[in-house]
Amino acid sequence: MASPAPPRPDPRTLTSLPQILSSLSDFQSQEADLSTSLTQLLAASEPITASLSRLQSLVPRLDELLSDASTLSQNVSSTAKTAERIGGRVQSLDEEMRRIREASDRVGQVIELKSSLLALQSSIENNDWESATRHCARAMSLPPEVISGSFAQIAVPTSESHLPPAQTLQEARQYLLQVFQTNFEQASRSRDSTATSRFFKLFPTIGWEKEGLEAYATFVVDLVRVRAPTSAKTSSQGYFIASLTSLFENIARVVENHQPVVEKYYGPGKMKSVAERLLDECDSVVMDVIDRWKEERSIARKIADVTNYSPTASIATTGRRQQPSLNQEDESIDPREIDQVVHELSKMAGPWNVFKKFLLDSFEEDKVDGELENLPEPSSTSSLPLDTTASQKTFDEIMTTYYIPFEGWYVRAIIDKAHRLSQPDTTQAVTTTTTPDDVFYILKIVLTRLISTGSLIAVDRMIEQLRQILDKDYAGALKKKMDDVYRSAGTPGQTVRGEKADRENRLSFAVILNDLDLSSSHLERLIREISNIEAIARYFLISEQSAVKDHIASLSSLVTKFRSLSRVGIEQSFNQLMRPKLRTFITEIYKDVSYVLDDDAYSNAEYHDVVRKRFIKSWDALMDDYKDSFTDANFRLLFGLMLDAILRPWERYMMSFKFTELGAIRFDRDLRSINTYLASQTAFGDGREKFVRLQQMSTLLNLDSEEDVDEFYNGSGITWKLGAQEARAIAALKV
């Protein structure tokens, strides 16, 4: 944008000729600019003039449109006023017709109310309860403002029934309720299923739903009451189990058979109130049966006995059997009697949890169906409060107070007995005792029985207790036996017996280690089997099943414990009995052996094969007894310890040799023959991996003399276990 021109001086203030000339020049310039602008405006006036002409030609047409619009507006205004006047009259007529229809409907409803009440009274007089129910329901279906309205109070009462219709209807409902209850109770007592069903379905029709369900609940509670036969003996182990199982089955049968009937006439989820009454009866029966069971089985005395006496595993210093450690008072506790009590407890608790699972599943299905139909979910379809019932609390109490102590004592007693009566098991390929088979056979029974209780609390606490028992009473006892073997092996008096005593100690020690290895295998298989049994899905809710499996899987920590003890024992045995003999193992093998060989010396070494023969002889002398007496897993551990103990000294010892080209070849053949022999002694092939460093030493020693060691080390692609400096030192052994 151009800056504004400077202010022009007033001509009257000009006093000199230059000022006058300058001002005159400015005026002339301004005059020229204005002339130019006017010329441009005149040149652009033609389009404007053409547009004005066109607009001027539209003026007559616009005048016509204005005239037409004014005429149309006058006509429409007149019509609108007429329509408004007519519409008002029509609205008045519509309102009058609406009131007439409303009055007609009200009269019709009052007439229907009056006829329904008259028909209701007639049906009651004729004892026609279905018709009475139908007429009562029809009267109740009318709006409350009609039944209680002033018009109905005037028009409905008659000389026979002068009460207001609302009061008449209520009295009729009360009378019908009394009749239905009386007849339903009579039909229930006489077990008349037809009459029971007849009156049961009449209650909700006239609004007595709650009362009908209460009457029905009283009826079904009487159906499920357990009455033991007079011939039944409470001393029988199956008496209390059968009583509770019969109770739960009867209630489940009632729910299964009657739930469709109740929901048909009363609505979805209405069986819940009946089920709650059944659970109240169930609570009463359960507590009574459990109390009688405690008294009949002398549970208080038994729990006191097992609490005061805790079995202690009897530990043998060798494989020989020990005298029983129980005194006369302890012998009064018979493990078989405790086993029967625990069995009875599991068989009483299991059906309860199956029954509880059935109820929850039944009412959960109602809830899911209601949600699928996209209907409001009634409050009655919520799950039953089974966890707060007296039955649940009773079973939780007997599981924690009796089952867990009894079962724990029983397991400890069996472990104690298994240790005391332990004998060599001749059915196994290697020597073990009967202890692992006896203990884990009973443990399988115990875990299966624990699952059959269906109690998550019992599973949680019992599994934890079993871990402690197996750790202390079983694994601890085996460890104590190993310690006793060590002590006996180190006793001075034992040296007189010499090699025979060492052999007995090795055998006793091997048997204990084999028992530990066998125990870990048994426990792994047992955990796998118990985790996959169908009883978990049968006795536990879906939400509980993963927790049950997790608790069972937690026993796997004992597998690690057994293997750890086995490894420690093998390491102790190795360090005490074998490591001292390995100090001269390599030196004896390579005594008078040289790898500085010419053709004749190489042929002689090839013929005699001294290194391989000496290695096999020394190895067999150390390992033969263990190979025959150890399990595969234990022998594998010992095999690895042996190799670890000899390979490092072997590597260091070879650094004292010099090697010719033929000597390096002979060294490689010795290594391969020893490796082949060791591989033939085992099925697990751990030896070759441990010989990698020696094999790499042989590879370096057999390099061509022209080949650079560093170049081969860096470019061969071999995953080296030797360092670069070690490789150069080994290559320097060549002569």
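Summary table
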| quantity | calculated |
| --- | --- |
| Filter pass, GLU171 being under 23 Å from ALA215 (Cβ atoms), modelled with pLDDT of 80 or more, surrounded by fewer than 17 Cβ atoms within 10 Å (Cβ to Cβ) and in the same structural domain as PHE200 (by TED's automatic domain parsing) | yes |
| For GLN167: the one exception among (1) more than 19 Å from ASP105 (Cα to Cα); (2) touching a residue at least 12 places away in the same chain (Cβ under 8 Å); (3) assigned to a helix (DSSP H, G or I) | (2) |
| Matching residues in segment 540-563 - criterion: being within 15 Å of ALA458 (Cα to Cα), of a type outside the set (Gly, Ala, Ser) and in a helix (DSSP H, G or I) | GLU544, GLN545, VAL548, LYS549, ASP550, HIS551, ILE552 |
| Only listed residue being in contact (Cβ under 8 Å) with a residue 12 or more places away in the chain, within 30 Å of ILE251 (Cα to Cα) and either under 54 Å from the mean Cα position of the chain (by Cα) or in the same structural domain as MET271 (by TED's automatic domain parsing) (or both), chosen from GLN186, GLN181 | GLN181 |
| Residue in segment 600-607 that is hydroxyl-bearing (Ser, Thr, Tyr), modelled with pLDDT of 90 or more and not in a helix (DSSP H, G or I) present | no |
| Some residue of segment 7-15 being surrounded by 10 or more Cβ atoms within 10 Å (Cβ to Cβ) and either among the aliphatic types (A, V, I, L, M) or within 30 Å of ARG138 (Cα to Cα) (or both) | yes |
| Qualifying residue in segment 604-614 (condition: under 28 Å from ARG666 (Cβ atoms), of a type in the set (Val, Ile, Thr) and either out of contact with any Gly (no Cβ under 7 Å at 6 or more places or on another chain) or not assigned by TED's automatic domain parsing to the domain that holds PHE509 (or both)) | yes |
| Residue that is farthest from the chain's Cα centre (by Cα) [pool: residues in segment 708-729 that are buried (at least 16 other Cβ atoms within 10 Å of the Cβ) and farther than 21 Å from ARG648 by Cβ] | VAL709 |
| Looking only at segment 475-519, and only at residues there that are in contact with a helix residue (DSSP H, G or I) (Cβ under 7 Å, 6 or more places away or on another chain) and of a type in the set (Gly, Ala, Ser), the one that is modelled with the lowest pLDDT | ALA489 |
| Single match in ARG612, ARG666 (criterion: more than 22 Å from ALA732 (Cα to Cα), touching a residue at least 12 places away in the same chain (Cβ under 8 Å) and surrounded by 17 or more Cβ atoms within 10 Å (Cβ to Cβ)) | ARG612 |
| In segment 204-225, the residues that are assigned to a loop (DSSP other than H, G, I, E, B) and without any contact (Cβ under 8 Å) to a residue 40 or more places away in the chain | TRP208 |
| Residue check for LEU213: modelled with pLDDT of 80 or more and more than 21 Å from VAL261 (Cα to Cα) | no |
| Any pair with Cβ under 9 angstrom, 6 or more apart, that starts in segment 406-423 at a residue that is outside the structural domain of THR307 (by TED's automatic domain parsing) and ends at one that is surrounded by fewer than 23 Cβ atoms within 10 Å (Cβ to Cβ) and of a type in the set (Val, Ile, Thr) | none |
| Criterion violated by LYS613 - all others in (1) charged (D, E, K, R); (2) part of a helix (DSSP H, G or I); (3) on the phi > 0 side of the Ramachandran plot satisfied | (3) |
| Conditions (1) hydrophobic (A, V, I, L, M, F, W, C); (2) under 22 Å from SER273 (Cβ atoms); (3) at pLDDT 85 or above: number failed by TRP129 | (2) |
| Among (1) assigned to a loop (DSSP other than H, G, I, E, B); (2) free of Cβ contacts under 8 Å to residues at least 60 places away in the same chain - the single one LEU597 does not satisfy | (2) |
| Segment 418-450 - residue that is touching a helix residue (DSSP H, G or I) at 6+ places or on another chain (Cβ under 6 Å) and of a type in the set (Gly, Ala, Ser) and, of those, modelled with the highest pLDDT | ALA418 |
| Among the candidates GLU130, GLU95, GLU125, GLU112, residue that is over 24 Å from PHE203 (Cβ atoms) and acidic (Asp, Glu) | GLU95 |
| Yes/no for ALA252 being touching a Lys or Arg at 6+ places or on another chain (Cβ under 7 Å), surrounded by 17 or more Cβ atoms within 10 Å (Cβ to Cβ) and touching a residue at least 24 places away in the same chain (Cβ under 8 Å) | no |
| Residue satisfying all of: in segment 217-245; within 39 Å of the chain's Cα centre (by Cα), over 26 Å from GLU337 (Cβ atoms) and surrounded by 13 or more Cβ atoms within 10 Å (Cβ to Cβ); modelled with the lowest pLDDT among these | VAL226 |
| ILE415 part of a helix (DSSP H, G or I), of a type in the set (A, V, I, L, M) and at pLDDT 95 or above | no |
| Leading residue by the ranking (modelled with the highest pLDDT) among those in segment 562-599 that are of a type in the set (Lys, Arg) and either loosely packed, with under 15 Cβ neighbours inside 10 Å or over 26 Å from ASP473 (Cα atoms) (or both) | LYS591 |
| Residue tally, condition over 23 Å from LYS357 (Cβ atoms) and loosely packed, with under 13 Cβ neighbours inside 10 Å, over segment 255-279 | 1 |
| Selected residue (only one of SER383, SER379 is farther than 21 Å from GLN237 by Cα, within 22 Å of the chain's Cα centre (by Cα), of a type in the set (Ser, Thr, Tyr) and modelled with pLDDT under 85) | SER383 |
| Residues that are hydroxyl-bearing (Ser, Thr, Tyr) and either outside the structural domain of GLU661 (by TED's automatic domain parsing) or not in a helix (DSSP H, G or I) (or both), drawn from segment 692-730 | SER705, SER716, THR719 |
| Count of residues meeting criterion [of a type in the set (Phe, Trp, Tyr) and within 60 Å of the chain's Cα centre (by Cα)] in segment 114-163 | 1 |
| Residue check, GLU46 at pLDDT 80 or above, part of a helix (DSSP H, G or I), among the acidic types (Asp, Glu) and out of contact with any strand residue (DSSP E or B) (no Cβ under 6 Å at 6 or more places or on another chain) | no |
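The values are calculated or read from the model by the stated rules, or taken from the named source; none is laboratory data. Quick caveat: nothing in here was measured; it's all calculated off a predicted structure. Note: ideal-geometry Cβ built from the backbone for every residue, glycine included; neighbour counts use all protein chains shown.
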